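Notes to accompany the following structure.
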Amino acid sequence: MRTATDRIRHAVSFELIGLALLVPIGSWVFSMPASDIGVVGVVSATLATGWNYVYNLGFDHMLVRSTGTTLKTWPMRVVHAVAFELGLLVILLPFVAWYLGIGLREAFVMDIAFAIFYMVYAFVFNWTYDRLFPLPEWQTEKAGTVSG
């Protein structure tokens, strides 16, 4: 299992890099001021950081109970990313609609677009993070799984 310090490094770096990518892309795609996308992004990142910590801790405990390890296969990484984004979508939808003064339908479309961006980003980020900061237990795992 990862330490609390490692989990905090993971969550904070995930959100900072994500914001650096999301604000200019979101502003361009939705033709909204970067400041509005930035506020939505910062509030979303703050909520997502807490969700990231809680979700990943719970997911790792579930993995250990069901498989005996925190090592994730490629299919498990897909499940991990999709489930994270669905939970975050439920958390963020009301805020996005309220802050931007848009309807729930428009907020839902925007949230789905952000979720798709973050699903791809989460998959790549988590794989890269696990490669840069592998756990010692992964060195002894069987071949056929993706380390990290």
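The values are calculated or read from the model by the stated rules, or taken from the named source; none is laboratory data. No experiment lies behind these values; they were computed from the predicted model shown. Counting neighbours? That spans all protein chains shown, and the Cβs are built from the backbone with ideal geometry, glycine included. These accessible areas exclude ligands, DNA and RNA; they are computed on the full protein's heavy atoms, side chains included. Shrake-Rupley method; radii C 1.70, N 1.55, O 1.52, S 1.80 Å.
Within the stretch 7-20, being surrounded by 14 or more Cβ atoms within 10 Å (Cβ to Cβ) and closer than 20 Å to Ile116 by Cβ holds for Phe14, Glu15, Gly18, Leu19.
Is it the case that some residue within the stretch 71-89 is in a loop (DSSP other than H, G, I, E, B) and at positive phi? No - not one qualifying residue is present in the stretch 71-89. Scanning the stretch 1-44 for residues that are among the aliphatic types (A, V, I, L, M), assigned to a helix (DSSP H, G or I) and over 16 Å from the mean Cα position of the chain (by Cα) yields a total of 6. The single condition among (1) closer than 20 Å to Leu16 by Cα; (2) of a type in the set (A, V, I, L, M); (3) touching an Asp or Glu at 6+ places or on another chain (Cβ under 7 Å) that Ala113 does not satisfy is (3).
Tallying residues that are open to solvent by less than 60 Å² (accessible area, probe 1.4 Å) and either over 19 Å from Trp51 (Cα atoms) or in contact with a His (Cβ under 6 Å, 6 or more places away or on another chain) (or both) within the stretch 77-112 yields 6.
Residues that are at pLDDT 90 or above, of a type in the set (Ser, Thr, Tyr), assigned to a helix (DSSP H, G or I) and out of contact with any strand residue (DSSP E or B) (no Cβ under 9 Å at 6 or more places or on another chain): does the stretch 114-121 have at least one? Checking the stretch 114-121: at least one residue is at pLDDT 90 or above, of a type in the set (Ser, Thr, Tyr), assigned to a helix (DSSP H, G or I) and out of contact with any strand residue (DSSP E or B) (no Cβ under 9 Å at 6 or more places or on another chain). In the condition set (1) out of contact with any Phe, Trp or Tyr (no Cβ under 8 Å at 6 or more places or on another chain); (2) buried (at least 17 other Cβ atoms within 10 Å of the Cβ); (3) more than 22 Å from Ile112 (Cα to Cα), Met1 is compliant with all but (2).
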